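For reference, the structure discussed in these notes is given below.
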Amino acid sequence: MTCHSHFKSLAIAAAIALPLSGLSIYSPALAQQTVKIGSVLSVTGPASFLGEPEDKTLRMYVDKINAAGGVAGKKIELVIYDDGGDANKARTFATRLIEDDKVVAMVGGSTTGTTMAMVPVFEEAQVPFISLAGAIEVVDPVRKFIFKTPHTDKMACEKIFENLKQRNFTKIAMISGTDGFGASMRAQCVKVAPTYGVQIIAEETYGPRDSDMTAQLTKIKGVAGVQAVVNPGFGQGPAIVTRNYAQLGMSATPLYQSHGVASKSFIELAGPAAEGVRLPAAALLVGDKLPDGDPQKKVVVDYKQTFEATAKQPVSTFGGHAYDGLYIMVEAMKRANSTDAKKVRDEIEKTKGFVGTGGIVTMSPTDHLGLDLSAFRMLEVKGGDWTLLPPGT
Amino acid sequence: MPEFFQFLVSGLTIGAVYALVALGFTLVYNASDVVNFAQGEFVMLGGMVTVFVHAAGVPLPLAALVAVIVSVVLGLSLYWLAIAPARGASAVSLIIITIGASILLRGAAQIVFDKQFHKLPAFSGDTPVQMLGAAVQPQSFWVIGGTAVMVLLLYVFLERTLLGKAVLATSANRFAARLVGINTTTIMALAFGGSAAIGGVAGILITPITLTSYDVGTLLALKGFAAAMLGGMGNPLGAVAGGLLLGLLEAFGAGYISSTYKDAFAFIVILAVLFAAPQGLFGRRTIERV
């Protein structure tokens, strides 16, 4: 039995055992020549759309790295726990990773809630933790051992407003979901709007499970002077907003969606109503449409092919965040030529020009995210598919 | 004024959705005094099975039929495997069993299908119909019409057929019903199968508007239950009135008051109504004879 297949069978055994018992299975004999990377993900439960592709991505790429000889002369041993989206469980598993599994590094934390619950554990243990959660709170204020890979909702607002400014729109309406994602992004948008000279003259909300938003949209329609409508939201809500928007004949006013719906299923669900909708999204979704000179092209196309071939499901940005986190970690270990937690942490902070699926990452002691607005591409739905908006339109 | 009509139309559409779900509660409640909290799951099954069977290349009407059959089979299994073995238990225990069943069905759907949202094509196109300045989705007519047809069928069944009378008799007093020769076990099975069918049909009709996923049942069941309580549990007409009223409250609440508080507004009105008339708007008055 080769080491590779041994790991695979372990991973499968763990995959079966995890949801049942939450216990990890590993052979102590392996522990000597391996480097242990821990992860706590929301593989099941309400945030499973985040955790599932992250879980698949980590397993897939750890196998790959190990097949290519591992890192710093050691094979990676991945310890993944499923928190089911529960912050309390996440914290328990984080403690277990530190105390029982003695991991040297952590890549995980699918949601902001689970991540924030685990942050104190890793800060105290001084183990580097690359989070896969969206909110800015994870890295603001900067904590010594905490990093993250996904772009923030603040950046998405800025990208949208940048586009509004280019089109000379100053008066907009917002319709936001009241779920965590929608509420957080709404707050960020309201905060940064004045910087871009944008005035929000009408604001509506809808519940995350509402199935009709025509009442709210009718109100927006009745407000004079609205030049564009922005919809921070997530899940099926924005698709229904988009459909109701077309139903009410409002399509003459540009509609902006958020990166929260940047997946093929949004176009499928919204159907022809999605035509002309603009939104900021990571390069990963339009990999094949990027010009050949784009620095991210190779990374995102490779990741998309690998993921789709192995997982047999369409690629999502969430799995991409896990890819970025794993490789930032592994490259830091390579540079440090060590698996000492503190040395690895220092090297993560020195990450410079790392080309990931989410953008080009350059971290610093004051920036533990390392992405700028170029991480987002402005897309428009045309002919039932995403098209890349040329800059300045 | 066009705003008013748009709110009205939105309210009626979403209200018809709630009414369809509320209707599903009626039959089981009538036969057994049990509120079947797995009702939302049958709505989910109707939508999801249709989506997946349709995606496999089966024409939509046939896929819808398959979905209704699957719902009915599962409704009957729910009765035979979980409710019937506990037949001596109190209504509260049976209600708890239905909650368990709903969690089971939801979990199974998550594995059998997937966790994504899905849609069905609208039955007669997506071009909105303009009425009095309001834009109406053609699917709204299907939902409203479907609700009307089902209410009528249910009403005729309960009030005009011997079998329907047997259902009501079983509900009134199961022991006495058995004494006069009604096979209460069959009646109960019939009620579960029938309400599963109503749920399945509801799921098929509303999916083009609401979209569907493995977990849509929870909220729909909650809203449908609120609608059924508002209208008076057990009365098909009450279920429809409650559903439409709840939908209108939400739409006008969002339109004229604040979209942030629309659910709170709707539920405050429901509480007020139930204070004044604890049996709901069209509820049967229970008379205890001493």
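Side notes on the structure shown:
- Cα centroid separation, segment A:346-393 to segment B:152-208 (Å): 59
- Distance from the C-alpha centroid of segment B:84-133 to that of segment A:127-171: 37 Å, rounded to the whole angstrom.
- To the nearest ten degrees, helix A:87-96 and the longest principal axis of the Cα atoms of chain A are 20 degrees apart.
- Helical segments meeting 30 Å axial Cα length and Kyte-Doolittle 0.5 threshold in chain B (DSSP H): B:2-32, B:91-112, B:138-160, B:184-210
- Between the helical axis of A:180-192 and the longest alpha-carbon principal axis of chain A there is an angle of about 60 degrees.
- Magnitude of the charge dipole for the protein assembly as shown, about its Cα centre and with charges confined to Cβ atoms of Lys, Arg (+1) and Asp, Glu (-1), is about 480 debye.
- When chain B is treated as a Gaussian network with alpha carbon springs shorter than 10 Å, the biggest mean-square fluctuation among B:235, B:36, B:173 belongs to B:173.
- Gyration tensor analysis over the Cα atoms of the protein assembly as shown returns equivalent ellipsoid semi-axes of 48, 32, 21 Å (largest first, whole Å).
- Think of segment A:62-130 as a dipole: +1 on every Lys or Arg Cβ, -1 on every Asp or Glu Cβ, centred on the Cα centre; then among A:68, A:129, A:85, A:68 lies furthest on the positive end.
- Over all orientations, segment B:1-108 has a Cα convex hull whose mean projected area works out to 9.0 square nanometres.
- Exposed trypsin sites (Lys or Arg not before Pro) absent: longest stretch of chain A, with sites in DSSP loops and at most 15 other Cβ within 10 Å deemed exposed: A:168-311
- Placing one equal scatterer on every Cα of chain A and applying the Debye formula, the log10 ratio I(q)/I(0) at q = 0.06, 0.14 Å⁻¹ is -0.24, -1.18.
- Look at the stretch B:212-220: the mean tally of other chain Cβ atoms within 10 Å of its residues' Cβ atoms is 2.
- Net charge dipole size for chain B [Lys, Arg +1 and Asp, Glu -1 on Cβ; Debye, nearest 20]: 720
- Structure note, pairs A:64/A:89; A:159/A:191; A:74/A:304; A:159/A:304; A:74/A:342: Cα-Cα distances above 20 angstrom occur for A:64/A:89; A:74/A:304; A:159/A:304.
- Values of log10 I(q)/I(0), in the order q = 0.07, 0.09, 0.13 Å⁻¹, for segment B:2-276 under a Debye, Cα-only, solvent-free model: -0.24, -0.41, -0.84
- Partners for residue B:119 among aspartates and glutamates (Cα-Cα distance below 12 Å; same-chain residues under 8 apart left out): A:268
- Chain A - charge dipole about Cα centre, Lys and Arg +1 at Cβ, Asp and Glu -1, debye rounded to 20: 460
- Of A:269, A:284, A:41, the one that fluctuates the most in a GNM where chain A has Cα springs shorter than 10 Å: A:269
- Gain on full stretching of the segment that runs from residue B:261 to residue B:276 - 0.36 nm per residue minus C-alpha separation: 3.1 nm
- Between A:383, B:123, A:35, the Cα set farthest toward the positive side of the dipole of the protein assembly as shown (charges on each charged residue's Cβ, about the Cα centre) is that of B:123.
- For the peptide B:7-14, the mean number of other protein chain Cβ atoms found within 10 angstrom of a residue's Cβ is 4.
- Helix A:297-311 axis versus longest C-alpha principal axis of chain A: approximately 70°, rounded to the nearest ten.
- Averaging Cα coordinates gives a centre for segment A:55-80 and one for segment A:224-296; these two points are 36 Å apart.
- For B:142, B:80, A:386, order by how many other beta-carbon atoms lie within 10 Å, fewest first: B:80, B:142, A:386
- Between A:327, A:81, A:196, the Gaussian network model of chain A with springs among Cα atoms under 10 angstrom shows the greatest mean-square fluctuation at A:196.
- Here the contact order of chain A, divided by its residue count and restricted to Cα pairs under 8 Å and six or more residues apart, works out to 16 percent.
- Across chain B, the mean sequence separation of Cα contacts (distance under 8 Å, 6 or more residues apart), normalised by length, yields a relative contact order of 36 percent.
Just so you know, all these numbers are worked out from the coordinates, no wet-lab data involved. Bear in mind the structure is a predicted one, so any value in this text is a computation, not a measurement. We place every Cβ from the backbone using ideal geometry, glycine too, and count neighbours over all the protein chains shown.
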